[in-house]
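Participant: What follows is a structure written as structure tokens; I'll ask about it next.
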Amino acid sequence: MPSSSPSTYVTRHTRPEHPARRLVCFPHAGGAASFFRPWARYVDPSVELLAVQYPGRENRFREALIPTMNPLASAIADELLTLPPLPTVFFGHSMGAAVAYETLLRLQQAGAAAHIARLCVSGRSPDGAAGPAVQTDEELVEAVRCLGGTHAAVFDDPDLRELLMPAIRNDYHLIDSYRRRTDAPLLHADVHALTGDRDPRVTPEEAAGWSAVTSGSFAVTVLEGDHFYLVPAAERVTRLTMEPVEPLPV
């Protein structure tokens, strides 16, 4: 059965005896590594499926939350540097797209990203949507409900709400305050942007803006659905993430 590794930031959902490739998934705001557990049934048996576990949730519930991008992406990059190199794909959804991008930048700057073939960014434009500087808990709950990320009944339970709100509050602050560096070096990895055709946070045209962050090839895939299009389309998204894609015409 899938189990967590002894490491802090990495949860293993598959553990092939002789892995040929690796898929590293980065969750959305308020999300956790378990979000990607169902993908284990769709990846090729030779693929090592890993998911990043941010502090303050699931098995890291008692650990301090990290409220800004720089220390979070740096800590994840440091841990990924300890893994043996394999042909690798990064997949990040929503906030996770930005975290995956920033983590890959740090690995590239460390000279350790040659084996990372592709960055898949889902449900987010490269610069995101500008959010309010301060949001009340009620505003955050409404934002999450509108995106469909958590069933409304979860927030109707006072105990569950109390457990979830610190991570959600932290992550929304982190991504609302994050600004991509305009002078960041280009990625060498290919980039594949995925989005739902009814996502209220990003249009397909905005998702196409990720083409500006790479010197490699770029593609966009638009699937049916809202911000969390990837939940009902998990099998297709998993396969798209690991398969070669046709670049956009120049």
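The values are calculated or read from the model by the stated rules, or taken from the named source; none is laboratory data. A quick note: this is a predicted structure, and the numbers were derived from the prediction, not measured. Counting neighbours? That spans all protein chains shown, and the Cβs are built from the backbone with ideal geometry, glycine included. Side chains included, ligands, DNA and RNA excluded: accessible areas come from the protein's heavy atoms. Shrake-Rupley method; radii C 1.70, N 1.55, O 1.52, S 1.80 Å.
Participant: Let me have the relative contact order for the chain, percent, based on Cα pairs under 8 Å that are six or more residues apart.
Facilitator: 19 percent
Participant: Under 5 Å between amide H atoms, partner at least 5 residues away or on a different chain: which partners does L187 have, H built in plane at 1.01 Å?
Facilitator: Correct list: T214, S215.
Participant: All other residues with a Cβ under 14 Å from the Cβ of P166 taken together, and with Lys, Arg as +1 and Asp, Glu as -1, what is their net charge?
Facilitator: Surrounding charge for P166 is -1.
Participant: Tally Lys and Arg at +1 and Asp and Glu at -1 over the other residues with C-beta under 11 Å from the C-beta of S74: what net charge comes out?
Facilitator: Result for the local shell: -2.
Participant: Under the rule a/c < 1.5 gives rounded, and otherwise a/b versus b/c splits prolate from oblate, where does the range 69-126 land using the Cα gyration tensor?
Facilitator: Numbers: a/c = 2.06, a/b = 1.34, b/c = 1.54.
Oblate.
Participant: Per residue, how much accessible area does the chain show when a 1.4 Å probe rolls over the protein heavy atoms, in square angstrom? Show your work: numbers first, answer last.
Facilitator: Values: 11750 Å² over 250 residues.
That works out to 47 Å² per residue.
Participant: Here's a follow-up. Calculate the dipole size of the chain relative to its Cα centre from +1 charges on Lys and Arg beta carbons and -1 charges on Asp and Glu beta carbons; express the result in debye to the nearest 20.
Facilitator: 680 debye
Participant: Moving to a separate point now. Please figure out what share of the DSSP beta bridges in the chain is antiparallel and state it in percent, rounded to the nearest 5. Could you put the intermediate results ahead of the total?
Facilitator: Working: 5 of 33 bridges.
About 15 percent, rounded to the nearest 5.
Participant: May I ask you to give the percent of accessible area on the chain that is carbon plus sulfur, with a probe radius of 1.4 Å?
Facilitator: Whole-percent figure for carbon plus sulfur exposure: 55.
Participant: Taking just the alpha-carbon atoms of the chain, what radius of gyration and Dmax come out, in angstrom?
Facilitator: 17.0, 53
Participant: Sticking to Cα atoms, compute the Rg of the range 158-241 to one decimal and its Dmax as the biggest Cα-Cα distance, whole number, in Å.
Facilitator: Here Rg and the maximum Cα pair distance are 15.9, 48 Å.
Participant: Oh, and also: Just to verify a number: what accessible area does D78 come out at with the full protein assembly present, 1.4 Å probe, Å² rounded to tens?
Facilitator: The accessible area comes out at roughly 100 Å².
Participant: Shifting gears a bit: Based on C-alpha coordinates, I'd like the Rg and Dmax of the range 39-136, in Å.
Facilitator: Cα radius of gyration and Dmax of the range 39-136 are 14.6, 45 Å respectively.
Participant: How much accessible surface area, in Å² rounded to 10, belongs to the heavy atoms of E243 with a 1.4 Å probe?
Facilitator: So the heavy atoms of E243 present about 90 Å² to solvent.
Participant: Quick one: divide the alpha-carbon radius of gyration of the range 88-232 by 2.2 N^0.38 Å and tell me what you get.
Facilitator: Values: Rg = 16.1 Å, N = 145, 2.2 N^0.38 = 14.6 Å.
Scaled against compact globular proteins, the figure is 1.10.
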